[in-house]
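Read through the structure below, which is laid out as structure tokens, and then see the notes.
All of the numbers you see were taken from the coordinates with simple rules; none came from a lab. Values in this document were obtained by computation on a predicted structure and should not be read as measured data. Methodologically, a virtual Cβ is constructed for each residue, glycine included, from the backbone with ideal geometry; neighbour enumeration extends over all protein chains shown.
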Amino acid sequence: MNILVTGGAGYIGSHTAKLLHENGHEVWLYDNLSTGHKEAVIPGRWFIGDLCDSDLLHYILKSKEIEVVMHFAGSALVGESVTYPAKYYQNNVVGSLLLLEAMRVCGVRKLIFSSTGSVYGDLTCGDSEKISETCTTKPKNTYAHTKLFVEKAIENYAIAYGFEHIIFRYFNAAGASADGTLGEDHTPETHLIPRILNVASNGGHIDIYGIGHGTKDGTCVRDYIHVEDIASAHLAALDIFGLQTFVTMNLGCGFGHSVSEIVDACGDVTGKRIETHIKKSRTGDPQCLIADPSLAMSVLDWAPKYTTLESIIESAWEWYQANPNGYAGKSKETPHNNPTPTG
């Protein structure tokens with residue numbers, strides 16, 4: 001299939017684009033490089049562009065005969081979203097609406113949208129309970145609000161214009177590609193595992209926010225899923241278009257690990273002692289968020305391959321050791337010859 005991947009130079013987008021390309025799909029990447037890395041793209045198959053550039057979007061959708069759009073592009077820092085909501089409504093909401101309009105005008109009616117488990121808000125559960133797609137959505141920050149807004153817009157477009165759509169709500173993505181070519185490199189880095197690995201490599205400490213939560217060791221519990229397992233779910237989703245394509249699904253492993261367990265596992269994998277500092281619990285921080293991925297597993301005939309925390313961390317550590325400065329210093333790729341669309 002001819003597929004456009006927005007945010008294709010980002011963490012999850014680049015891993016997904018790589019897997020699609022390896023499986024014979026005609027993949028084109030679209031990214032403004034505000035947070036993505038040109039070193040992570042498929043050579044010769046990407047455009048530098050912003051979602052607000054409707055002319056360029058129209059050109060690509062038509063000239064590349066795009067059949068499916070996988071929409072990863074957007075801003076994704078929770079704290080920043082609260083401080084600068086205008087940026088998030090512009091990038092995530094306005095940008096997505098312009099993409100939907102470009103698809104409508106160009107006759108592209110298949111969409112897979114990258115959403116987030118954050119739309120469930122501060123829904124809390126015990127260690128053994130899981131969050132299903134039927135749970136109430138109660139977003140507690142601007143980032144989650146914008147993702148849920150776009151979900152609703154997609155559903156409206158589906159009703160009015162016949163869009164086939166799949167919405168994936170990711171839980172905590174982690175890890176790096178098995179072949180070592182792609183990994184996690186954010187600025188600033190807010191994800192727990194790469195932050196701990198940085199401490200393992202460079203010293204310092206990792207903050208743990210609260211030890212009084214109602215979990216087995218008092219620290220927050222989260223569901224971690226390998227980024228390649230997220231990518232494989234997107235590949236599998238292509239097979240259900242035309243069969244069951246108005247569906248929202250959680251992507252997670254279905255089991256959780258506490259912050260303390262993550263620290264210990266990173267120490268075991270790296271062979272380093274990880275110093276921790278206990279901080280005050282953050283207001284509204286859910287004590288336990290674990291996905292129920294059974295719908296995705298059933299509908300897609302899919303299951304995560306990385307089923308242990310250690311395997312996820314090992315892949316991240318291998319990439320970190322080979323790329324201590326992230327993508328900096330890797331060979332630069334030039335984009336496809338960006339045209340100046342007319343008409």
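If Lys and Arg each add +1 and Asp and Glu each add -1, what is the summed charge of the other residues whose beta carbon sits under 15 Å from the beta carbon of Glu65?
Charge balance near Glu65 sits at +3.
How much length is gained if the chain between Phe255 and Lys216 is pulled fully straight, taking 0.36 nm per residue apart and subtracting their Cα-Cα distance, in nm to one decimal? Provide the component values of the computation, followed by the final result.
Working: separation 39, 0.36 × 39 = 14.04 nm, distance 1.35 nm.
The Phe255-Lys216 span can extend by a further 12.7 nm.
Once amide H atoms are placed 1.01 Å from N in the peptide plane, what residues at a sequence separation of 5 or more from Asp50, or on another chain, have their amide H within under 5 Å of its amide H?
Sorted by chain and number, the residues that satisfy this come to none at all.
Suppose each label sits 7 Å from its Cα in the direction of the beta carbon; what would the Asp264-His277 distance come out to in nanometres?
Rounded to a tenth, the inter-label distance reads 2.4 nm.
Return the calculated 222 nm mean residue ellipticity for the chain, to the nearest 500 deg cm²/dmol, obtained by summing -39500 (n - 2.57) across DSSP H runs with n ≥ 4 and dividing by the residue count.
The helix-only estimate for the chain comes to -10500 deg cm²/dmol at 222 nm.
Could you give me the ³J(HN,Hα) list for the stretch 289-303, computed from phi with Karplus coefficients 6.51, -1.76, 1.60 and θ = phi - 60°, whole Hz, x at Gly and Pro?
Couplings: 10, 10, 6, 9, x, 5, 5, 4, 5, 6, 5, 9, 6, 10, 8 Hz.
The stretch 110-235: D in µm²/s via Stokes-Einstein (Kirkwood Rh, Cα pairs, 25 °C, 0.890 mPa s)?
Calculated translational D: 143 µm²/s.
If amide hydrogens are placed 1.01 Å from N in the peptide plane, which non-local residues have theirs closer than 5 Å to the one on Cys253?
Result for Cys253 returns Tyr224, Ala291.
Which FRET efficiency value, to the nearest 0.05, do you get for Ser201 and Ala236 by plugging their Cβ-Cβ distance into 1/(1 + (r/R0)^6) with R0 = 41 Å? Let's see the in-between values first.
Working: r = 35 Å, r/R0 = 0.85.
Step by step, r from the Cβ atoms, then E = 0.75.
Between the stretch 1-61 and the stretch 92-107, what is the separation of their alpha carbon centroids in Å?
16 Å
Starting from the amide H of Ile112, placed 1.01 Å from N in the peptide plane, find each other amide H under 5 Å away whose residue is 5 or more places distant or on another chain.
Long-range HN contacts for Ile112: Val69, Met70, His71, Ile166.
In whole Å and largest first, what semi-axes does the C-alpha gyration tensor of the stretch 1-85 yield when each eigenvalue is scaled by 5 and square-rooted?
On the way: eigenvalues 101, 47, 22 Å².
Working from the Cα gyration tensor, I get semi-axes of 22, 15, 10 Å.
When all alpha-carbon pairs of the chain are counted, what percent fall beyond 39 Å?
Percent of Cα pairs beyond 39 Å in the chain: 11.
How do Leu289, Leu98 line up, fewest other C-beta atoms within 10 Å first?
Leu98, Leu289
Report the label-to-label distance for Ala153 and Tyr209 in nanometres (one decimal), using points 7 Å from each Cα along the Cα→Cβ vector.
Here the modelled spin labels are 2.7 nm apart.
With the crude spin-label approximation of a point 7 Å out along Cα→Cβ, what separation in nm comes out for Ala178 versus Asn325?
Label-label distance for Ala178 and Asn325, simple model: 3.1 nm.
May I ask you to derive the relative contact order of the stretch 2-322, considering only C-alpha pairs under 8 Å and at least 6 residues apart, and to give it as an integer percent?
On the way: 623 pairs, mean separation 61.4, N = 321.
Dividing the mean separation by the residue count of the stretch 2-322 yields 19 percent.
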